[in-house]
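One structure is given here, and the rest of the page talks about it.
Bear in mind that the values in this text are calculations on the coordinates, not laboratory data. Note that the coordinates shown come from a computational prediction; the quantities given were computed from them, not determined experimentally. When we count neighbours, we look across all protein chains shown, and the Cβ atoms used for this are built from the backbone with ideal geometry, even at glycine.
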Amino acid sequence: MSTTSDPAVTRRIPFSFELYPPKSDAAAAALDTTIEHLAAAGPDFLSVTYGANGSSRRSSLDVLSRILRTTNVEAMAHLTCVGSTHEEANRLIREFLDAGVRSFLALRGDPPAGTKEGDAFLGDFGSAAELVQLIHRVQAERSPYRESIIPGIPAARAVKAGRDKVRITVAAFPNGHPRSRSSTQDIDTLLAKQAAGANLGITQLFFHADHYLSFAQRAREAGVLFPILPGIMPVTSPARLRRIVELSGEQLPADLSISLEVEPTKEGQREIGIRHAVDLADQVIKGGAPGLHLYAFNQHETVLEVLDGCGLLSAPTEVPTRG
């Protein structure tokens, strides 16, 4: 494990976390505590997932509003193409913007249950790039310019050129999207998202640092200019690893799988998962990753232990609040 004296972490390494909407009152109360602890660590943003076909629209917005209301951390809303019309997506984006959200993760989305690749499940959108364009268009229509106060004339406003920008993040796939025919296609898709206006990338899960590092290098060489954050999840049980592999389509990492399977205690498995995530994070940071994005599973202890193991926890211990 690294420490804050390591050259790789002498610069400020930004980090962020992903959460999902709670499914019960008890889970909502636990998530409030998790948000407080994660916000206190000083992340760049907290992202909140969004179910296909709007299945968690209200609860996603509730969590985003909670983040904006009670912390000083940027809240990032997920949006998917699945089953959405242009009118519905336009309305939803405006709803998020009205709530104060200025960051989005634009996703194509996975096929809903009972459908498969090739079925018509994307609605009016053919790709995440089209969704990126719509977010920019809605923001431009909603806020075409900026105003500022004129000193000494309280009722007057000066119009400034330009407008407030939104952060639009997109997914990146170090080991290839399931629909991709080649690694070149994955890079071309990322370039298309950039041309549409995306300004940040977050990778799908990977288990070996060289998968991320080689992908990021190829993307840069091809002309991808925005940062690509490595997405890392501490895997703390064999069952969770199997489920992640099933959902993501990634190959089972034999070394991690064997270590988790032969460890008889839950405490030992947890330590193995944290150690693997710390080692992975260390390697990508040393390789030049612009930050870390941690999938928190709505639990703060594990991801904060990963950051601590990397020597990245130097934020204040008090929970930041909006004044």
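Kindly state, to the nearest 0.05, the FRET efficiency for Val262 paired with Asp124, given R0 = 35 Å and r defined as their beta-carbon distance. Intermediate values should be presented prior to the final figure.
Numbers: r = 50 Å, r/R0 = 1.41.
After rounding, the FRET efficiency stands at 0.10.
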**Q.** Placed amide H near Phe15: partners under 5 Å, 5+ positions off or other chain
**A.** Asp44, Leu292
Q) Label-point separation (nm) for Asp255 and Ser214, each offset 7 Å from Cα along Cα-to-Cβ? A) 1.5
Q. Between Glu74 and residues 5 or more places away or on another chain, which pairs have amide H atoms under 5 Å apart, with H built 1.01 Å from N, and which residues are they?
A. Leu46
Q. Got a sec? Charge dipole of region 58-102, +1 on Cβ for Lys and Arg, -1 for Asp and Glu; which of Ser60, Ile93, Thr80 is way out at the positive end?
A. Ser60
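Stretch Lys23-Arg58 to full length: gain in nm at 0.36 nm per residue minus the Cα-Cα span?
11.4 nm
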Q: May I ask which residue of Leu292, Ile274, Pro264 lies farthest towards the positive end of the charge dipole of region 204-323, with charges of +1 (Lys, Arg) and -1 (Asp, Glu) on Cβ and the Cα centre as origin?
A: Leu292
Q | Only Lys, Arg (+1) and Asp, Glu (-1) charged, at Cβ; region 181-323 dipole about Cα centre in debye | A | 460
Q: Order the peptides 248-258, 303-313, 65-75 from the highest to the lowest mean number of other Cβ atoms within 10 Å of their residues.
A: 303-313, 65-75, 248-258
